[in-house]
1. Distance in nm between label sites at ASP71 and PHE28, each 7 Å beyond Cα in the beta-carbon direction?
2. Give the peptides 299-310, 22-33 in descending order of average Cβ contacts within 10 Å, highest first.
3. In segment 49-147, which chymotrypsin sites (Phe, Trp or Tyr not before Pro) are in a loop and have at most 14 other Cβ atoms within 10 Å, using DSSP for the loop call?
4. Describe numerically, in nm with one decimal, the distance between label points set 7 Å from Cα along Cα→Cβ at THR530 and at ARG393.
5. When the label point is put 7 Å from the Cα of ASN373 along its Cα-to-beta-carbon vector, which residues of segment 293-319 have a backbone N closer than 20 Å?
6. Can you give the local net charge around SER330? Use residues other than it whose beta-carbon is closer than 11 angstrom to its beta-carbon, Lys and Arg +1, Asp and Glu -1.
7. Work out, step by step, the length gained on full extension between GLU481 and ASP450: first 0.36 nm times the residue separation, then minus their alpha carbon distance; give nm to one decimal.
8. At 20 °C and 1.002 mPa s, what whole-number value in µm²/s does Stokes-Einstein give for the translational diffusion of the chain, with Rh from the Kirkwood sum over Cα pairs?
Amino acid sequence: MTSTPLDVPQRPAATRWALEAQDLDKSFGGTPALRGAHLTVAPGLIHALLGGNGSGKSTLIKCVAGVYTADAGVVSVHGSAMPAAQITPRAARDAGLRFVHQDLGMFSSLTVAENLALSDGFPTTAWQGIRWRDLHDRAEALLERFDIRVRPTDTVGELRPSQQTMVAIARALADQRDRDAGGHILILDEPTASLPENESAELMRALRSRADAGQTIVLVSHRFREIEAVADDVTVFRDGRVAGTGPVGEMSSDRVVDLMTGSAAGITGTPAAPTRPAPTAAPSRATSGTPAESVFTARGLVAGSLAGLDLSVSRGEIVGLAGLAGSGRSSVLRAVFGDLPLKAGSMHLMGRPHQPAGPGDAVSAGVAFVPENRVRDAAFLDMSVRENATMTRIGRYWRRLVMDLRTERAETRSLIERHAIRTAGTELPMASLSGGNQQKVVLGRWLQQDPDLLLLDEPTQGVDVMSRREIYATLHEIAAEGCAMVVASSDLDELMELCDRIVVLTDGRPTAELHARGLRREELAAAVLTGAPAAQETKGTEKT
């Protein structure tokens, strides 16, 4: 089955595409993941792929890489065509395709030189000993060619995240000898998903420099701001098809969302679940004259990388935590949740001392926590959606040593509907859901507890634009219902959209406290990057 994508640019008469995929089909167990998908990438440009989780963009990349075997279609690299069903990882590499995934495949305990040598081998003596000087000289030449300012002897685990990614890119392109050659095509899958903004910006500048030197780059990302900053062309996927493609200047964020959701004129296919606009927040207590009811307070908090923090959160208020990596953002949440022991300071929750001996105590006291690493710490991928959705209150379904599965399934279906979770059923494994839908299950699971205080660490990391908007709407709704929240995030736009106040942490201490209302993005960025004192005086808790 094939389809004609919208807005597909015409082939330039005098220019071959660097990469062209035509009519790609791929199904899993009878469920189509790609349906006549197309992709055309011009040489020497950065081409961004956008789309919701499960839209097909990652499936297309894996078919092109030979990780998945496509059911139909043709892939051409610099004009050399091959049936998509015959592509293997070796064939993709021989064609000049190079991939860097979210998991960089780097060994943090090894040096930069040793990690680089893993792709093309270690220089050895006649007695199979390693020629260390040659190894370091070869690594130094590669680092210099890619303008990566680290030493061959540096341990990878000590590098900043953006530097680690650039080393992985250099390793992927090590055999591309001519810096200006467009022979290799670099394909990056969510390279900035876990990077703070300053690190992401540094990596984007490096990629732009590579493209300006002739490198063809395909960039998969959920962060539209960075796409706007560096990409030349954009292709948007939806329901296994190309919903639209064109120059980045013609792809506003609103148009991209329209294409992803199916709102744009002319798009056919399964209607997307409706997004719900965030409700208008209740009037600020500071402006209404009603005293704010404090839900949580902390005084002189020292834990983990925190060196002393005072913090208060009122009912219905969303307080953001901003800061660079290591600033203490996550330490705040873990300390409140009982996952990090206090070295000093005190906490109060709903007017009572809060001294959790562990997460169980915190949950019993009315605290919920959505952690940063969903796969490792929150989602049980081999269990069903139902089991994931109800595990925080499994006891309510026991009836004289027998599980009341009917009630459990009914309440799971209610949770799925309320949070617009896209799944074909309650009994499917959690692993079958996209990242955004997994996150909504985790969030919905905690919200069933009606917590007084909700803690969220990077709540939309690796989540597509559509799911992100739905999660924001849910958080605004429960804030309007009175839930207090603390959100730690490296995404400045997220903090500005979600929060009433934003506390900036630097080296474990608060250095700024800013109102989101009327706050300019550059002010927040400057406070985060420089550790400058607050440029605003906090006078209330008004929503954006």
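Read the figures in this text as sums done on the coordinates, not as results from a lab. Computed from a predicted structure; not experimentally measured. Glycine also receives a Cβ, built like all others from the backbone with ideal geometry; neighbour counts cover every protein chain displayed.
1. So the label points at ASP71 and PHE28 sit 1.4 nm apart.
2. By packing density, highest mean first, the sequence is 299-310, 22-33.
3. PHE107, TRP127
4. Output for this residue pair reads 4.8 nm.
5. 304-306
6. Net charge in that neighbourhood comes out at -2.
7. Gain in length upon complete extension: 10.2 nm.
8. So the translational diffusion coefficient is about 85 µm²/s.
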